[in-house]
Amino acid sequence: MNLKPQVYIVGAGPGDPDLITVKGLSILQNADVVLYTDSLVNDELIARAKPSAEVLKSAGMDLDEMVELMIDRVQQGKSVARVHTGDPAIYGAIMEQMGLLKRAGVAYEIVPGVSSVFASAAALQAELTIPELTQTLILTRAEGRTPVPEREKLTDLAKHHCTIALYLSATLTRKVMGELFDAGWTPDTPVAVVQRATWPDQKIVRTTLGELDNAMREHNIRSHAMILMGWALDPTLVDQDGHRSKLYDKEFTHKFRKGVPSNA
């Protein structure tokens, strides 16, 4: 793969080095410079960079340092893989990087990755959108030091009573519980927490909304955790016959198959 002298913003996936996309891995293996979020991205993945690549860690850099470095290397005619955890579009802080690159006349391309929300669902063997139960998934975060827009308060979002995935909220579980109770959620609502999804030390905790804060303290989870909430997280659903999709219902007609009435 011949890379252009530009910046490639690559989603590395949630942790397992095999969960990067084929395109993302190809860019990583061919880039002249690899700048990665060393506090979150697996070193085993970064080890797949070509031997001659300049590999740099970004955790100790501020925005200007990172972008100036990328601009400098591209202006030298080099390709740069800027490797982010998960998918760059979700809490990836890439907009400000792109803005500075654009002002400097440096081209960039974004390569998506597997977000921790979907890695967590896979670890839980859960489907987050269950027919006749919930068809909506809200990706958000609890309000802490980083504010959320007034129209996106968790209490208001939770009034939809769909599946909710909370990023960056492991230290705010008591606040989360209060806001969901205010939205009419019941204490027995299923909750699942996945810490460091797909890493060797992955931890899964199944609990309820009413016990969420106690469960987080009991298992000492205060960072790198995805919190999934809603009745789609009920582990007994897989043993039930209800809530089946129409797609595979033998009576349901669609473009590729004609349905057969049950009395036929």
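The values are calculated or read from the model by the stated rules, or taken from the named source; none is laboratory data. Note that the structure is predicted; figures quoted are calculated from it, not measured. Backbone-built Cβ (ideal geometry, glycine too); neighbour counts: all protein chains shown. Heavy atoms of the whole protein, side chains included, go into the accessibility calculation; ligands, DNA and RNA do not. Shrake-Rupley method; radii C 1.70, N 1.55, O 1.52, S 1.80 Å.
Being in contact with a Ser or Thr (Cβ under 9 Å, 6 or more places away or on another chain), open to solvent by 10 Å² or more (accessible area, probe 1.4 Å) and either not acidic (Asp, Glu) or not assigned by the TED database to the domain that holds Ala93 (or both) is the requirement here; does Arg48 meet it? Walk me through how you get there before you give the answer.
Details: in contact with a Ser or Thr (Cβ under 9 Å, 6 or more places away or on another chain): no; open to solvent by 10 Å² or more (accessible area, probe 1.4 Å): yes; either not acidic (Asp, Glu) or not assigned by the TED database to the domain that holds Ala93 (or both): yes.
In short, no.
In region 127-142, how many residues are open to solvent by 40 Å² or more (accessible area, probe 1.4 Å) and without any contact (Cβ under 8 Å) to a residue 40 or more places away in the chain? Give the derivation first.
So in region 127-142, the residues open to solvent by 40 Å² or more (accessible area, probe 1.4 Å) come out as 127, 129, 132-133, 135-137, 139, 141.
Applying the additional criterion that residues be without any contact (Cβ under 8 Å) to a residue 40 or more places away in the chain yields 135-137.
Summing the residues that are open to solvent by 40 Å² or more (accessible area, probe 1.4 Å) and without any contact (Cβ under 8 Å) to a residue 40 or more places away in the chain in region 127-142 gives 3.
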### Query
What number goes with the only condition from (1) assigned to a strand (DSSP E or B); (2) in the same structural domain as Ala225 (by the TED database) that Arg82 does not pass?
(2)
### Task
Would you mind telling me which numbered condition in (1) buried (at least 21 other Cβ atoms within 10 Å of the Cβ); (2) assigned by the TED database to the domain that holds Asp182; (3) not acidic (Asp, Glu) His161 fails?
(1)
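Filter region 104-126 for residues that are among the aliphatic types (A, V, I, L, M) and either assigned to a helix (DSSP H, G or I) or under 30 Å from Trp231 (Cβ atoms) (or both); which is most open to solvent (accessible area, probe 1.4 Å)?
In the first step, residues of region 104-126 are kept if they are among the aliphatic types (A, V, I, L, M); the result is 104, 106-107, 110-111, 114, 117, 119, 121-124, 126.
Imposing the further condition that a residue be either assigned to a helix (DSSP H, G or I) or under 30 Å from Trp231 (Cβ atoms) (or both) reduces the set to 114, 117, 119, 121-124, 126.
Numbers: Val114: 48, Val117: 0, Ala119: 7, Ala121: 8, Ala122: 70, Ala123: 32, Leu124: 12, Ala126: 29 Å².
So the residue we want is Ala122.
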## Note on the structure
(1) at pLDDT below 95; (2) among the charged types (D, E, K, R); (3) in contact with a strand residue (DSSP E or B) (Cβ under 7 Å, 6 or more places away or on another chain) all hold for Arg145 apart from (3)
### Query
Can you name the condition, by its number, that Ala89 falls short on among (1) open to solvent by less than 60 Å² (accessible area, probe 1.4 Å); (2) in a loop (DSSP other than H, G, I, E, B); (3) aliphatic (A, V, I, L, M)?
(1)
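If you go through region 93-103, how many residues are open to solvent by 40 Å² or more (accessible area, probe 1.4 Å) and either in a helix (DSSP H, G or I) or closer than 21 Å to Gly77 by Cβ (or both)?
Of region 93-103, the ones open to solvent by 40 Å² or more (accessible area, probe 1.4 Å) are 93, 95-96, 100, 102-103.
Next, only the ones that are either in a helix (DSSP H, G or I) or closer than 21 Å to Gly77 by Cβ (or both) stay: 95-96, 100, 102-103.
Matching residues across region 93-103 total 5.
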### Query
Do any strands (runs of 3 or more DSSP E) lying entirely in region 164-264 carry at least 2 residues that are open to solvent by 70 Å² or more (accessible area, probe 1.4 Å) and either at pLDDT below 80 or in contact with a strand residue (DSSP E or B) (Cβ under 7 Å, 6 or more places away or on another chain) (or both), and which ones are they?
203-208
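Name the single residue that is farthest from the chain's Cα centre (by Cα) among those in region 165-180 being within 14 Å of Thr208 (Cα to Cα) and not polar (S, T, N, Q).
Gly178
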